[in-house]
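The values are calculated or read from the model by the stated rules, or taken from the named source; none is laboratory data. This is a predicted model, so every value here is computed, not measured. Because the Cβ atoms are built from the backbone with ideal geometry, glycine has one as well, and the counts that use them run over all protein chains shown. Surface accessibility is based on the protein's heavy atoms, side chains included, excluding ligands, DNA and RNA. Shrake-Rupley method; radii C 1.70, N 1.55, O 1.52, S 1.80 Å.
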Amino acid sequence: MQEPARQALEYAAAQLGFSGMGVADARLHQGDRLRQFLDEGKHADMEWMQRHLAARLNPELVLPGVRSIIMLTYEYPRQDARKTAGSIARYAQGEDYHKLLLPKLADLDETLQFYGGSQRYFTDSGPVSERFFAEQAGLGWVGRNGLLIRPGKGSYCFLASILTTLELPTDSPMPNRCGTCHRCEQACPTQALSNGCCDARRCLAYWTIEAKTPPPPEIAARQGTRLYGCDACQEACPWNKVAKPAPIDPHLLMPAPLKSKIPADFARMNETDFLRFFEGSPIRRIGLEHLQRNTRAGNF
Ligand code: B12
Ligand code: SF4
Ligand code: SF4
């Protein structure tokens, strides 16, 4: 067991702004839920999920010799920053988290190299079941809204993973504390949640961010004032309501020009203005056409 490597990593992760760290055994098997999710078509048209299945079920295919999976959390804002119509999911209010977190993960990779480890690291970007391993690494539990919930901190956080060949001391999972609560399921505008899992075919986050085609009328009618992403199943969660305030990386806060824009401003934008305005933002990734489709489908 590499106790010193783990201690050094914990220190370095905290210095880099990560709010939590846990370690899971990479050989843990996650069962059939992912396969079942795909068999039932709940991934909608995200075909890459099917392509990554073998690697997702077997981290050895992602990093030969992998022994431990280090899971990290990074806080994002807990408040909806926009005063104007057209809400933007909290995670996307500031800069693109992939660009913010990957260099930090590269630093942690260097720390582990010092102890003789080989690593691969991801945040959302790789074939790793981040919620499953975060739960196994003792960081929280997967709630009925499908998200990782941490006592005292709630669910407003990104997850990041480092696969390593080092055998690090592991953590134990904590029990699920959703109890008899079903508020997230009740709050979901499209009834996308059942059995602790979100059906992307019904999820407004999917339709406003990932989908290549416009939503069916039944879903569009429920979009309301959502312009990009959806936080309804997190807003309803009592664990987010009682979460203690936490320091937030200023890069993830919404810049003033975006705070004041209304959906009609986006509807009028041309390609050049869009690319300039959303430089560094995750919203840039969906492209102007999709953003304008969202302004047409929503009820602003
Ligand atoms: C595809 C995807 C989506 C899709 C599909 C959603 C879905 N059903 O997973 C869409 C575009 C809809 C989406 C939406 C959102 N997403 Co998303 N998404 C992903 C991604 C890339 C893969 C998730 C996946 O594989 N899902 C399929 C399910 C079946 O697999 P799983 O999540 O690994 O779940 C496993 C375990 O948790 C366990 N499990 C799950 N539920 C239960 C319940 C029980 C009872 C048991 C026993 C086990 C169990 O079994 C599963 C299989 O092993 C992950 C990043 C990653 N690589 O993991 C981000 C990720 C899950 N998303 C994230 C976020 C923030 C969101 C949104 C909140 C964004 C927004 N505000 O608009 C919404 C929330 C929707 C929701 N309620 O789930 C974060 C979650 C952070 C957190 N605190 O948990 C992640 C981890 C990205 C990141 N790195 O931060 N997302
Ligand atoms: S993100 Fe919105 S639409 Fe998707 S499951 Fe949560 S509440 Fe439902
Ligand atoms: S709203 Fe209730 S059921 Fe849903 S995740 Fe939070 S505690 Fe669990």
Could you check the simple spin-label distance between Ser125 and Leu275, using points 7 Å along Cα→Cβ, in nm with one decimal? 2.1 nm
Just to confirm my understanding: which cysteines in the chain have no other cysteine beta carbon less than 4.7 Å from their beta carbon? Cys157, Cys178, Cys181, Cys188, Cys197, Cys198, Cys203, Cys230, Cys237
Rounded percent of accessible protein surface that carbon and sulfur make up, the stretch 79-210, 1.4 Å probe: 48 percent
Which of the helices in the chain meet the span-like rule: DSSP H, Cα axial reach of 20 Å or more, Kyte-Doolittle mean at least -0.5? 97-114
Reciprocal of mean inverse Cα separation for the chain (Kirkwood radius, Å): 20.1 Å
15 Å beta-carbon shell around Gln223, net charge (K/R +1, D/E -1): +3
I want to make sure I understand the PRE zone here: with the label point 7 angstrom from the Cα of Ala85 toward its beta carbon, which residues in the stretch 219-263 have backbone N atoms less than 16 Å away? 221-228, 260-263
Between Ala221, Ala89, Ala232, find the one with the highest GNM mean-square fluctuation for the chain; connect C-alpha pairs within less than 10 Å. Ala221
Loop only per DSSP, at most 11 neighbouring Cβ atoms within 10 Å: give me the trypsin sites (Lys or Arg not before Pro) in the stretch 195-292, ordered by residue number. Lys212
Rounded to the nearest 500, what is the chain's calculated 222 nm mean residue ellipticity when only DSSP H runs of at least 4 contribute -39500 (n - 2.57) each, over all residues? -8500 deg cm²/dmol
Quote to one decimal, in nm, the extra length available between Arg183 and Lys259 on full extension: 0.36 nm per residue of separation minus the C-alpha distance between them. 24.5 nm
With Cα springs under 10 Å, the Gaussian network model of the chain assigns the largest mean-square fluctuation among Cys157, Cys237, Cys181 to Cys181
For a quick check of your reading of the filter: which trypsin sites (Lys or Arg not before Pro) in the stretch 18-117 sit in a DSSP loop and have no more than 12 other Cβ atoms within 10 Å? Arg27, Lys83
Hand me the GluC sites (Glu not before Pro) from the stretch 223-287 located in a DSSP loop with no more than 14 other Cβ atoms within 10 Å, in residue order please. Glu279
For the stretch 126-224: accessible area per residue (Å², 1.4 Å): 40 Å²
